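Computed from the coordinates by the stated procedures, all read-outs in this text should not be read as laboratory data. Small disclaimer: the values here were computed from a predicted structure and weren't measured. For neighbour counting, all protein chains shown are included, and Cβ atoms are generated from backbone atoms with ideal geometry for every residue, glycine included.
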Amino acid sequence: MVIEINKAEYLQDYKIAFEFSDGVSQIVDFGDFLKSSKNPMSSKYLEIEAFKNFNIEFGDIEWNDFEMCFPIWDLHNGKI
């Protein structure tokens, strides 16, 4: 079964609520990942307005034309 993100909603700080095509819902906190990132392409999303500017494309969450994205299965499991 192919799992896709049906809906993603910004909550607060670096948390996003996800609804997946199989009915599973998760809240994922990206804060630790972003705070520990040494890659400037990722760490720039520590700025909340940039972080909140994500899109759902082809069932996946992405920022700035896939500059930053994550495996759907990790998000489905609620961790990155």
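Tally up the residues in segment 26-49 that are over 18 Å from residue 68 (Cβ atoms) and more than 13 Å from the chain's Cα centre (by Cα), please.
Looking only at that region, the number is 0.
Residues of segment 47-68 being loosely packed, with under 13 Cβ neighbours inside 10 Å and in contact with a Cys (Cβ under 6 Å, 6 or more places away or on another chain), which ones?
Across segment 47-68, there are no qualifying residues.
Show me the strands (runs of 3 or more DSSP E) found entirely inside segment 1-46 where at least 1 residues are of a type in the set (Gly, Ala, Ser) and surrounded by 14 or more Cβ atoms within 10 Å (Cβ to Cβ). Lay out the reasoning, then the answer.
Values: elements: 5-12, 15-20, 25-29.
It comes to 5-12.
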